[in-house]
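> Dumping the structure here so I can ask a few things about it.
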Amino acid sequence: MGAPNVANSSKYTVAFSNIPTLDLIKDLNLYDWYVKSCTLPDYNIMEMYSDFQRSRIRHVGSRLNDDITPLQIEFKLSEDGMNYFNLVYFMVKLRAGELTSQTVRDNLIKRIDFILLDNQKREKLKIYFTKAFPISVSSLNMGYGEDEEVSFTVTFTYDEMFPEVIA
């Protein structure tokens, strides 16, 4: 396992609670340390209208999570490539229904935390995503004789997104 990635300048961190196909908690560092960028999703509320005495009144249309946009995280490829392999392996096992849990809903990443830090690296804001799983992993662009870093993007879907201000 390599050293932490410094590409994000320590202004934020991303932490995974688990990945169902990983046995060792220390292997989660392959994701926490190698985050290169993170695209936080839109948060949308459907809007409905009603008319009353020649005026339009706006209402919240749905309290369901039926309009969720995905979370995208770009990772730097670890030296041994295991952060890419583990996610692809998780997707293959998820698709085939070969994970160890009784129900499919138990085979998810319980929580992904996006934590915004201040200048002294104290946690200020946390946005966490519950019951997530990857729906796509981008291809790897690798070439001979090139010293450029290789990265890949993972798109996650999730049940809910919760913001939290840390005092």
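> Any idea which of Pro20, Leu125, Val92 is furthest toward the positive side of the dipole for the chain, if Lys and Arg beta-carbons carry +1 and Asp and Glu beta-carbons -1?
Leu125
> Just to confirm the number: angle between the C-alpha axis of helix 82-96 and the first principal axis of the chain, 0 to 90 degrees, nearest 10?
60
> Could you tell me which of Gly145, Thr155, Val165 has its Cα farthest along the dipole of region 12-165 towards the positive end, charges placed at Cβ (Lys, Arg +1; Asp, Glu -1), taken about the Cα centre?
Val165
> Mind jotting down the distance between the C-alpha centroids of region 85-157 and region 22-44, whole Å?
5
> Turning to a different aspect of this structure: What shape does region 82-167 have by the C-alpha gyration tensor, where a ≥ b ≥ c are the square roots of the eigenvalues, rounded means a/c under 1.5, and otherwise prolate means a/b greater than b/c and oblate the rest? Write down the numbers at each step before the final one.
Working: a/c = 2.98, a/b = 1.11, b/c = 2.68.
The shape class here is oblate.
> Check Ser151: other-chain or 5+ apart residues with amide H under 5 Å from its amide H, H built from backbone geometry?
Long-range HN contacts for Ser151: Leu77, Asn141.
> So, with +1 on the Cβ of K and R and -1 on the Cβ of D and E, and no other charges, what is the size of the charge dipole of region 12-165 about its Cα centre, to the nearest 20 debye? Mind dumping the intermediate values first?
On the way: 17 positive and 23 negative charges, 145 e Å.
Roughly 700 debye, rounded to the nearest 20.
> Same structure, new question: Where in region 111-167 are there GluC sites (Glu not before Pro) that are in a DSSP coil and have at most 16 other Cβ atoms within 10 angstrom of their Cβ? Before the final figure, lay out the partial values.
On the way: sites: Glu123, Glu146, Glu148, Glu149, Glu160, Glu164; in loops: Glu146, Glu148, Glu149.
Sparse-neighbourhood loop GluC sites (Glu not before Pro): Glu146, Glu148, Glu149.
> Using Cα pairs closer than 8 Å and at least 6 residues apart in sequence, work out the relative contact order for the chain, in percent.
Values: 299 pairs, mean separation 42.0, N = 167.
Relative contact order of the chain: 25 percent.
> Let me ask something else. Could you list the GluC sites (Glu not before Pro) in region 39-99 that lie in coil according to DSSP, counting only those with at most 12 other Cβ atoms within 10 Å of their Cβ? Can you show the working numbers first?
Values: sites: Glu47, Glu74, Glu79, Glu98; in loops: Glu79, Glu98.
In loop regions of region 39-99 (DSSP not H, G, I, E or B), the sparsely surrounded GluC sites (Glu not before Pro) are Glu79, Glu98.
> Scan the chain and report its longest stretch carrying no chymotrypsin sites (Phe, Trp or Tyr not before Pro) that are both in a DSSP loop and have at most 13 other Cβ atoms within 10 Å. Before the final figure, lay out the partial values.
Numbers: sites that count: Tyr43, Tyr144.
The segment 44-143 is the longest one with no such site.
> Let me ask something additional. If you take the beta carbon distance between Glu149 and Val60 as r and set R0 to 41 Å, what does 1/(1 + (r/R0)^6) give as a FRET efficiency, to the nearest 0.05? Numbers along the way, then the final one.
Working: r = 44 Å, r/R0 = 1.07.
Efficiency computed from Cβ-Cβ geometry: 0.40.
> Using helices alone, what [θ] at 222 nm do you get for the chain, with -39,500 (n - 2.57) per DSSP H run of 4 or more residues, divided over all residues and rounded to the nearest 500? Don't skip to the end; give the middle numbers.
On the way: 2 runs with 19 residues, N = 167.
Helices in the chain give a 222 nm mean residue ellipticity of -3500 deg cm²/dmol.
> On full extension of the chain, what length is gained from Gln53 through Leu125, given 0.36 nm per residue of separation minus the C-alpha to C-alpha distance?
Values: separation 72, 0.36 × 72 = 25.92 nm, distance 4.34 nm.
This chain segment gains 21.6 nm when fully extended.
Taken together, the values in this text are just the output of simple stated rules run on the coordinates, not laboratory data. The model shown is predicted, which means the values in this text are computed figures rather than measured ones. Quick reminder, even Gly has a Cβ in these numbers, built from the backbone with ideal geometry, and neighbours come from all protein chains shown.
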